[in-house]
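Structure record follows, encoded as structure tokens.
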Amino acid sequence: MSNKPDLPYKAPRAAPPSGPAMWVRGFAIGDVRVEQPFALAPMSGVTDTAFRRMVQSASQGAVGLFVTEFISIEGLTSYNLLAQTRMAFDPKTENPLAVQVFGADVYRMVEAAHIVEQSGAQIFDINCGCPAPKVVRRGGGAELMRDPSRLARIIEACTKAVKIPVTVKIRSGWDDASINAVEVARLCERAGAAMIAVHGRSRQQLYGGEPDWGLVTQVAEAVEVPVIGSGDISDGEIALERLRDSSCAGVMIGRGAITNPWIFGQIRQLIQGQAATEPDNAERLRVLHAFHDGMLGYMPAGAVAGRLKQLLSRLTKGFPHGMLLRARVLREPTPADMFAWIESFFAALDDDSIEDWAERARQRERARLRATRGGLS
Ligand SMILES: Cc1cc2nc3c(=O)[nH]c(=O)nc-3n(C[C@H](O)[C@H](O)[C@H](O)COP(=O)(O)O)c2cc1C
């Protein structure tokens with residue numbers, strides 16, 4: 001006879017919906033809950049707080065996990081300005097957030113972990129994948145995958161020092177001849193890492209060639225802690241396919257979110273069985289404003305303009321006269337002037353007067369050149 005207590009009778013529920021709603025679920029990194037298994041990947045020079053908040057706004061709150069750009073432990077522990085800027089985050093919008101650092105010195109790493117914990121960030125993440133010579137030469141980034149005993153010491157020391165989970169982001173290995181992500185992941189888990197993110201390319205591959213999702217799957221199956229896979233997820237369908245086929249707890253999206261900050265919201269729509277909606281031009285304009293406003297206050301005006309133009313070129317790639325718009329905006333001295341051109345561009349696209357708009361933009365350029373020549377004579 002069974003000694004299990006009888007369970008109260010429950011009427012059978014309606015058949016569960018088929019499709020991703022059945023199998024997409026949140027997971028935990030230590031005691032940090034990640035409700036939606038889709039993370040915005042760290043990208044140096046791109047994913048600062050303004051960018052992360054802009055993506056969360058475009059995707060209507062569907063980003064499940066944020067990671068800062070990597071920050072040098074030397075910069076962080078000497079409180080330099082760049083490190084402080086990279087540490088900036090809005091705890092309400094960017095939550096949960098991992099602060100990612102790079103470096104190789106155990107003591108500095110522990111000090112950095114304390115600083116991150118005190119900042120209120122939920123997770124301390126160690127970069128073991130950066131391929132840049134100036135990082136690997138000093139023992140950090142992908143070089144840590146060639147020095148596993150140092151990596152283990154770093155993780156052990158950090159997990160002892162702080163209460164927040166310590167995580168790592170690795171690559172497949174150094175080069176074709178030394179693919180060791182599975183071994184490194186096992187070692188990181190033994191040392192106390194609470195999550196492992198894997199970009200399925202080697203250091204040698206940089207960002208070219210194909211990411212090896214077969215290897216990412218092997219890593220996910222080799223450890224008990226959650227694994228987040230990364231590499232070439234360019235739309236919502238691919239995100240769901242990778243999540244379904246890889247045994248990963250979650251997936252990370254990097255470059256796909258630069259050209260399409262709406263991608264996380266589109267994934268949510270697909271999960272709910274809806275078609276992913278494309279943003280209209282009013283939404284593009286709103287997102288550009290949100291990004292611009294988010295940068296004010298912590299970035300010099302010149303840098304704000306530069307970043308705005310960068311995003312503009314991503315969001316208008318392939319648009320008729322998009323190049324003309326970017327050249328035009330480049331010449332404008334103030335954000336108000338820039339936005340005047342951007343707004344008129346989108347309006348002209350919407351009411352089919354883009355050729356007239358292009359002619360106005362050319363005239364403006366000719367007038368500018370005449371004025372410059374006049375000024376020189
Ligand atoms: C411009 C750029 C900067 C990056 N910076 C970082 C970084 O600071 N830390 C990190 O772990 N990975 C960094 N990566 C790697 C990404 O997080 C990601 O793993 C990789 O781009 C593959 O994903 P994707 O195809 O979705 O972009 C960077 C990638 C790019 C393109």
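Readers should treat all values here as calculations from the given coordinates under stated rules, not as data from a laboratory. All figures in this text were calculated on a predicted structure; none of them were measured in a lab. Neighbour counts are summed over all protein chains in view; Cβ atoms, including those assigned to glycine, are modelled from backbone coordinates with ideal geometry.
Using only the Cα atoms of region 28-116, each taken as one equal point scatterer with no solvent, compute I(q) by the Debye sum, divide by I(0), and report log10 of the ratio at q = 0.24 Å⁻¹. For region 28-116 at q = 0.24 Å⁻¹, log10 I(q)/I(0) is -1.19. In region 72-159, which trypsin sites (Lys or Arg not before Pro) fall in coil by DSSP and have 16 or fewer other Cβ atoms within 10 Å? In loop regions of region 72-159 (DSSP not H, G, I, E or B), the sparsely surrounded trypsin sites (Lys or Arg not before Pro) are 92, 137, 138. Expressed to the nearest 5 percent, the antiparallel share of DSSP beta bridges inside region 104-256 is 5 percent. Once you list every other residue whose beta carbon is under 10 Å from the beta carbon of residue 213, what net charge do they have if Lys and Arg are +1 and Asp and Glu are -1? Once positives and negatives cancel, what remains is -4.
For region 20-271, lysine pairs with C-alpha atoms less than 27 angstrom apart, excluding pairs fewer than eight positions apart on the same chain, total 4. For residue 319, what is the net charge nearby, where nearby means another residue's Cβ is under 14 Å from its Cβ and Lys, Arg count +1, Asp, Glu -1? Overall, the nearby charge balance is 0. The residue list 162, 131, 214 was ranked by how far each Cα lies along the charge dipole of region 20-271 toward its positive end, using unit charges on Cβ atoms, and 162 comes out on top.
For the Cα trace of the chain, dividing Rg by the Kirkwood Rh returns an Rg/Rh value of 1.04. Over the chain, dividing the summed -39,500 (n - 2.57) contributions of all DSSP H runs of at least 4 residues by the number of residues returns a 222 nm mean residue ellipticity of -14500 deg cm²/dmol. Just round it to a whole percent: the fraction of Cα-Cα distances in region 281-376 exceeding 20 Å. Result for the distance tail: 38 percent. By DSSP, what percent of the beta bridges with both residues in the chain are antiparallel, rounded to the nearest 5? Of the beta bridges lying entirely in the chain, close to 10 percent run antiparallel.
Neighbour counts of C-beta atoms inside 10 Å place 23, 262 in the sequence 23, 262, starting with the fewest.
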